[in-house]
Amino acid sequence: MNNKTLSLTRKIQLKVDLPTYEERKEAIGKLYQWQNRCFKAANIIVTHLYCQEMIKEFFYLTEDIQYKLADQKKEEDGILNRSRINTTYRVIADRFKGEIPMEILSNLNRNLESSFNKNKPKYWKGERSLKNFRRDIGFPFPARCMWGFKHDPERNAFCFRLFQIPFCTYLGRDFSDKRDLLHRAVKGEVRLRTSEIKLTDTKIFWLAVFDIEQEQHALKPEVIAEASLSLEHPISVKVGSKRLNIGTKEEFLYRRLAIQAARKRALAGTVNSRGGHGRTRKLKAVEKYKNKETKYVNQRLHVYSRRLIDFCVKHQAGTLILINQEAKIEAAKENQFVLRNWNYYELIKKIEYKAKKAGIELVID
């Protein structure tokens, strides 16, 4: 019996592995060009997909107008001269041919087609707006486009070529599982899936997607863990007579409120800051706190969710129920302080991901 697999995404910084500054600059310029073409192509694809679907809503057309979105060679009432997924691909391929590798456009088109079809019912009900892509969109590429993926022991880095551009990883003081996953990918123990490259703040990031086997634990589906999320205790869980409170209000809020207060003081002090280089010089003290609160909260939520799943595994709980969450959400919406300082949805996402990885069924009440 084959083990279940799940997709795992890790953000890994890359560097262009070329010897001279001019060569690196040219390669990075090419990456930015590909990102720009993906930004334009993504908005064009979604627009065409939406227009194709809206043809069915043009009820004021005469009855002899055919509107079946299918290839006319395969369907009698079809109005397309090719397969539906190929229509959007041909639009962007004809427009951007020679400016970007076709593998990128093909994967982008496939991803957006799948995402559009998945969210289509919500579009028509008005529960979700149509996607609008920004200029910093990542561009996808299949694993088969990566050549010479190997580990360089001298530099302690992983190297590969993507569309003739050489890259090497920069992991720094990484304490996560990125290095281990990359080693396993080189050995063929885990499989690399279609991934993305994203350019942010002059840095290159590889959003690597790995196929890993689901963790095997001796869990019992009939053993149920009941957990409650709140600001007083981020997580309270019980399995039978065993109980555990994970975190406290003071622990979670103390550092967060301290960061908020420090940033507020720094912002107030900018009035008296020495100028000389305009806004950058004035806000130098404030920039130190950029993303500091977000990083702190993200780390704490990872710790809380990890302790919750470890508690469930320890007591062989195969089912995890989050109880009375709807009432707490409504109550939180009425309290501005709780709404600002309690990351409920982020914690749910982290619990959901870790539960799936451990093979625990998650139920939200």
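The values are calculated or read from the model by the stated rules, or taken from the named source; none is laboratory data. Since this is a predicted model, take the numbers as computed values, not measurements. For neighbour counting, all protein chains shown are included, and Cβ atoms are generated from backbone atoms with ideal geometry for every residue, glycine included. Note: areas computed on protein heavy atoms with side chains; ligands, DNA, RNA excluded. Shrake-Rupley method; radii C 1.70, N 1.55, O 1.52, S 1.80 Å.
The residues of region 122-133 that are open to solvent by 70 Å² or more (accessible area, probe 1.4 Å) and over 29 Å from Lys203 (Cα atoms), listed by number, are Lys122, Trp124, Lys125, Glu127, Arg128, Ser129.
Just one of the listed residues (Asn43, Asn109, Asn86) is part of a helix (DSSP H, G or I), under 26 Å from Phe210 (Cβ atoms) and at pLDDT 70 or above, and it is Asn109. Summed over region 156-187, residues that are among the charged types (D, E, K, R) and buried (at least 16 other Cβ atoms within 10 Å of the Cβ) total 2. Within region 134-155, is there a residue that is among the hydrophobic types (A, V, I, L, M, F, W, C), open to solvent by less than 20 Å² (accessible area, probe 1.4 Å) and in contact with a Lys or Arg (Cβ under 7 Å, 6 or more places away or on another chain)? The answer is no, given that none of the residues of region 134-155 is among the hydrophobic types (A, V, I, L, M, F, W, C), open to solvent by less than 20 Å² (accessible area, probe 1.4 Å) and in contact with a Lys or Arg (Cβ under 7 Å, 6 or more places away or on another chain). When we screen Ile165, Ile197 for residues that are in contact (Cβ under 8 Å) with a residue 60 or more places away in the chain, within 29 Å of Lys25 (Cα to Cα) and more than 24 Å from the chain's Cα centre (by Cα), the only hit is Ile165. Scanning region 239-255 for residues that are open to solvent by 90 Å² or more (accessible area, probe 1.4 Å), of a type in the set (Lys, Arg) and more than 11 Å from Val297 (Cα to Cα) turns up Lys242, Arg243. Summed over region 168-189, the residues that are free of Cβ contacts under 8 Å to residues at least 12 places away in the same chain and in a loop (DSSP other than H, G, I, E, B) give a count of 5. The condition of being assigned to a loop (DSSP other than H, G, I, E, B), in contact (Cβ under 8 Å) with a residue 40 or more places away in the chain and charged (D, E, K, R) holds for only one of Glu232, Glu215, Glu226, that being Glu215. Within region 128-148, residues that are touching a residue at least 12 places away in the same chain (Cβ under 8 Å) and more than 11 Å from Arg193 (Cβ to Cβ) have Cβ atoms under 9 Å from residues that are hydrophobic (A, V, I, L, M, F, W, C) and open to solvent by 90 Å² or more (accessible area, probe 1.4 Å) in no pair, counting only partners at least 6 apart in sequence or on another chain.
Condition check: open to solvent by less than 30 Å² (accessible area, probe 1.4 Å), farther than 30 Å from Tyr289 by Cα and touching a His at 6+ places or on another chain (Cβ under 8 Å). Does Val223 satisfy that? No: the conditions fail for Val223. Take the residues in region 100-115 that are among the small types (Gly, Ala, Ser) and open to solvent by less than 60 Å² (accessible area, probe 1.4 Å), then tell me which one is nearest to Arg37 (Cα to Cα). Per the stated criteria, the residue is Ser106.
So which residues in region 6-44 are charged (D, E, K, R) and over 17 Å from the mean Cα position of the chain (by Cα)? Hits for region 6-44 are Lys15, Asp17, Glu22, Glu23, Arg24, Lys25, Glu26, Lys30, Arg37, Lys40.
Within the option set Lys97, Lys118, being open to solvent by 30 Å² or more (accessible area, probe 1.4 Å), among the basic types (Lys, Arg) and closer than 28 Å to Ile28 by Cβ holds for one residue only, Lys97.
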